[in-house]
Amino acid sequence: MKTRNRITYWIVLAFMVLASCNPKPKTIQNNINWPEFLAQHDLIWDETPLQWNEGAFTGNGQVGMMIFATMSDNRLDFHMGRQDVTDHRLAPGKKTSMDVKDASLLDYSRLDIGRMVLRPAGKIQSIKVRQHLWNAEVRGTIFTDLGELTFRAFTPYDRMLNVIEVRSTEKNDGGPVDYKWEWKAGNPVSPRTLAMPDRYTDYIPNPNPVVSGEGEIKTCVQSLLAGGDYATAWLEKKNNDTASTLYLSTANEIPAANESVKVASQAVKEAALLSVSEVEESHRQWWHNYFQKSFLSIPDGRMESFYWIQLYKMAACSRADGPALDLNGPYLKVTSWPGLWWNLNVQLTYWPFNTSNHLEIAENYIKLIDDYGDAMLKNRFSGSSLGDYAWALHNYWLIYSYKGDWEAIQQKWVPKAMDIAKIYEGKQVTNEKGQIELVAMGSPEYKGFEKFKNTNYNLAILRWLLNALIESNEKAGANLAEVEMWKQTLDNLIPYPVDENGLMIGSDQAVDMSHRHYSHLLALYPLFQLDPDSPEDMALVDKSVVHWHKIDDGKGLAGYSYTGAASLYNALGRGNDANDILQHFLTKQIGGGGAILLPNTFYCEAHGKNPVIETPLSAASSIMEFLLQSWGNKIRVFPAMPGEWNEASFDQLRAQGGFLVSASYRENQTDWVAIKSEVGEPCVLKVPGWSKAKQIGGSEKVKITKIAEGEFELALKKGQEVILSSLNEEIQPELNAAGHKPTELNLYGVKKGMNFKEEMVYTVPEFEY
């Protein structure tokens, strides 16, 4: 008996020793209180939003509204928008004529839907507003000389309508007085003709809308010259004498006629049969799930807020089954740019969808290229602007690269890229040295639409295109004869033209004036045909960026000149320089002053008149690049941390190759990194300052091979996760938000005394119908 007890004792002791030598794998302790975290980034209006440029906004990726007051008419405007409401003048049987030969912007321009305006009984004194990110809604209070009206507005994600609740305490002579709703239809012409009337004197407007005020459901039907119509329907559901809920829907069944009004009417009727809480339940759940797909926190409170507002804006403006996101999203105003732009804008717009792990709402970009790309290449982009469409194909490739989907790249992207490569063949000439040069082509937007030989813009795009074609086809064992031809082309292609100031526009054009576009710098970012790890390439790009921003004191720069420079510096690992550039964008005058970052984080050019959505969205990309980059087949964690940032964290950000990455940076060092491989692609991790990497978590043991200082090859299988650390002591991986002072919170929205001094709009006559 004693012998048995002694044996049992030693067995138990042995297990205890083994357990102490092989501690239980760590898991990440998530300490984020999401409602509290996002509340500190809500937009708050201490002053009345007095124009579109100061408005609060809601949206579901297709429809939405911008909310602001028109004090001269004593009303609060809910400016309605729907992204796919466009003209189709050269394609009567289709929804758009964007891909039709010889179509101009006027033929497929966005069209203004109109405004639903709330008129209190009393005179408006002021309006306070809060835009709640977590629940994706806007709440506010209208103060009048007769009392108060509180409102709540949201755009249900799963319904094509807007919902506005109103409660009033206004009284006159001791009794309640009623507020009123009024519909003001939008002018059904291309906004470009209103912004530039002298240029389009022969433009024929669409017919006036037909508004019906009979019955419970009110409607506004807008027919188009090309046929078909879109329609808005609304229904006010009275809760009592002082409260009601308005349901408003805009439907677009073009090219069909007489169908949109039925769809819009049915949408408001169905919603009104439910309680508001039933309508909002799925809406809130969608947004809560959306936000929690990834996480990012940095010590800079303003920059962190800006980032999270862009994440909100992305989903408010883009959805999988919606149209591709143009310059305006659902928030159209009179602008000279009412549509998609292809020479930088659409490319920058979609960058943040990748790393933020929101590829699901970027599927509309894939559909855009699949549905319209071939015709647009043939009809619009086969000439000197070929590079614009080729660059757009880089975004298409990036989406699948972030998924790690080589099958889709080979089957879907390669045929499109080969068509472009074939057109580039016709633009090549061989010089006396045997080098391949490019004929004169465009370099947006240098000297307008002039053409230059050997533009760095097209040389960089062509190099990326051929290298990506080679990589995909070699993996697939396909098109091997073409692969050899592409390799020969790359071997003989002329070097990038440079001068004493760095990269030129082309071999016959220096960068000799202030210029907003960084088309001549694409070879480094985003195409990475120059190597940031190369001292020679780094010096060349650094010199080029400095010259670009300094010439003529930067008077020609625009907002994306700053976000682009920040991304370029981040790619070089120069976080301090990138931070300085982004701080300028967020807090100082942009360029010569014609471009403005607005208090609602929208951005306008032409002295506040023309919104362009890509610039703030590209800033979100620049912010993520401080924390994670994945070019060159390496996952680069905290590659460009500013020296003043001593902490940061992120969770479930996406890297190329189909990896989800999380990490924590505390006391100026990376304390842990977690990686999940979705598809089993080769995985190389690069972490500055790490001399070793040891596994502290993950369900299975992962082979780790050090291949260079701070670089490690991880043998991750499909679906496998690993948590790593370089610290000697045992740690518990935790995900924490960075701490912020109260003065750093809720910085967006119009603050006390900060309304604009002028209304930044094109002067147009009131639309009468």
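Remarks
- Residue among 232, 245, 219, 201 that alone is of a type in the set (S, T, N, Q), over 17 Å from residue 114 (Cα atoms) and open to solvent by less than 30 Å² (accessible area, probe 1.4 Å): 245
- Remark: pairs (first residue in the stretch 711-734, among the basic types (Lys, Arg); second residue modelled with pLDDT under 95; Cβ separation under 9 Å; 6+ apart in sequence or on different chains) = 717/700.
- When the stretch 652-692 is filtered for residues that are open to solvent by less than 20 Å² (accessible area, probe 1.4 Å) and either of a type in the set (Ser, Thr, Tyr) or more than 15 Å from residue 404 (Cβ to Cβ) (or both), the ones remaining, listed by number, are 662, 663, 664, 670, 671, 672, 673, 674, 677, 685, 687, 690.
- Among (1) in a helix (DSSP H, G or I); (2) under 21 Å from residue 294 (Cα atoms), the one test that residue 409 misses: (2)
- Leading residue by the ranking (farthest from residue 177 (Cα to Cα)) among those in the stretch 134-152 that are surrounded by fewer than 21 Cβ atoms within 10 Å (Cβ to Cβ) and in contact with a Pro (Cβ under 8 Å, 6 or more places away or on another chain): 134
- Pair list, Cβ under 9 Å, 6 or more apart: the stretch 675-698 residue over 27 Å from residue 359 (Cβ atoms), other residue charged (D, E, K, R) and modelled with pLDDT under 95: 696/26; 696/730
- Subset of the stretch 290-321 (residues that are open to solvent by less than 10 Å² (accessible area, probe 1.4 Å), closer than 29 Å to residue 389 by Cβ and in a loop (DSSP other than H, G, I, E, B)): 318
- Residue match in the stretch 250-270 (condition: open to solvent by 70 Å² or more (accessible area, probe 1.4 Å) and at pLDDT below 95): no
- Only a single criterion out of (1) in contact with a helix residue (DSSP H, G or I) (Cβ under 6 Å, 6 or more places away or on another chain); (2) in contact (Cβ under 8 Å) with a residue 60 or more places away in the chain; (3) polar (S, T, N, Q) is not satisfied by residue 610, namely (1).
- Scanning the stretch 303-358 for residues that are of a type in the set (Asp, Glu) and touching a Phe, Trp or Tyr at 6+ places or on another chain (Cβ under 8 Å) yields one hit, 326.
- Under the condition of being open to solvent by 50 Å² or more (accessible area, probe 1.4 Å), outside any helix (DSSP H, G or I) and under 19 Å from residue 636 (Cβ atoms), the residues counted in the stretch 550-586 number 1.
- Candidate set from the stretch 481-501 (those that are aliphatic (A, V, I, L, M) and assigned to a helix (DSSP H, G or I)); member that is surrounded by the most Cβ atoms within 10 Å (Cβ to Cβ): 483
Each row is one residue, and each column tells you yes or no for (1) more than 26 Å from the chain's Cα centre (by Cα); (2) within 30 Å of residue 472 (Cα to Cα).
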residue	(1), (2)
489	yes, yes
506	yes, yes
511	yes, no
526	no, yes
542	yes, no
548	no, no
575	no, no
581	no, no
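- Residues considered: 660, 714. Of these, the only one that is closer than 22 Å to residue 355 by Cβ, in contact with a Cys (Cβ under 7 Å, 6 or more places away or on another chain) and not acidic (Asp, Glu) is 714.
- Scanning the stretch 391-411 for residues that are touching a Lys or Arg at 6+ places or on another chain (Cβ under 8 Å) and either surrounded by fewer than 17 Cβ atoms within 10 Å (Cβ to Cβ) or over 22 Å from residue 487 (Cβ atoms) (or both) yields 396, 400, 402.
- Residue count for the stretch 179-194 under the criterion of being within 23 Å of residue 73 (Cα to Cα) and either open to solvent by less than 70 Å² (accessible area, probe 1.4 Å) or at pLDDT below 95 (or both): the result is 11.
- Looking only at residues in the stretch 587-631 that are outside any loop (DSSP other than H, G, I, E, B) and of a type in the set (S, T, N, Q), the one that is farthest from residue 652 (Cα to Cα) is 610.
- Selection status of residue 8, at pLDDT below 95 and surrounded by fewer than 24 Cβ atoms within 10 Å (Cβ to Cβ): yes
- Hits in the stretch 25-78 - residues which are over 30 Å from residue 651 (Cα atoms) and part of a helix (DSSP H, G or I): 52, 53, 54, 71, 72, 73
- Residue that is farthest from residue 611 (Cα to Cα) [pool: residues in the stretch 329-381 that are touching an Asp or Glu at 6+ places or on another chain (Cβ under 6 Å) and aliphatic (A, V, I, L, M)]: 375
- Pairs, first more than 20 Å from residue 629 (Cβ to Cβ) in the stretch 284-297, second polar (S, T, N, Q) and not in a helix (DSSP H, G or I), C-beta under 8 Å, six or more apart: 284/135; 287/135
- Scanning the stretch 715-769 for residues that are open to solvent by 100 Å² or more (accessible area, probe 1.4 Å), more than 31 Å from the chain's Cα centre (by Cα) and among the polar types (S, T, N, Q) yields one hit, 728.
- Close pairs from the stretch 577-596: first among the polar types (S, T, N, Q), partner in a loop (DSSP other than H, G, I, E, B), Cβ under 7 Å, at least 6 apart: 579/642
- Flag for residue 678 being under 28 Å from the mean Cα position of the chain (by Cα) and either under 30 Å from residue 209 (Cα atoms) or not small (Gly, Ala, Ser) (or both): yes
- Verdict on residue 471 being over 27 Å from residue 351 (Cα atoms) and either assigned to a helix (DSSP H, G or I) or among the aromatic types (Phe, Trp, Tyr) (or both): no
- Residue 446 fulfils the conditions (1) more than 28 Å from the chain's Cα centre (by Cα); (2) touching a residue at least 60 places away in the same chain (Cβ under 8 Å) except for a single criterion, (1).
- Matching residues, the stretch 412-443, being open to solvent by 30 Å² or more (accessible area, probe 1.4 Å), assigned to a loop (DSSP other than H, G, I, E, B) and over 15 Å from residue 492 (Cβ atoms): 426, 439, 440
- Count of residues meeting criterion [in contact with a Gly (Cβ under 7 Å, 6 or more places away or on another chain) and either assigned to a loop (DSSP other than H, G, I, E, B) or buried (at least 22 other Cβ atoms within 10 Å of the Cβ) (or both)] in the stretch 112-129: 6
- Qualifying position, being on the phi < 0 side of the Ramachandran plot, in a helix (DSSP H, G or I), surrounded by fewer than 21 Cβ atoms within 10 Å (Cβ to Cβ) and out of contact with any Ser or Thr (no Cβ under 6 Å at 6 or more places or on another chain), among 460, 478, 539: 539
The values are calculated or read from the model by the stated rules, or taken from the named source; none is laboratory data. Please read these numbers as outputs of a predicted model, since none were measured by experiment. Neighbour counts are summed over all protein chains in view; Cβ atoms, including those assigned to glycine, are modelled from backbone coordinates with ideal geometry. All accessible areas refer to the heavy atoms of the entire protein, side chains included, with ligands and DNA or RNA removed. Shrake-Rupley method; radii C 1.70, N 1.55, O 1.52, S 1.80 Å.
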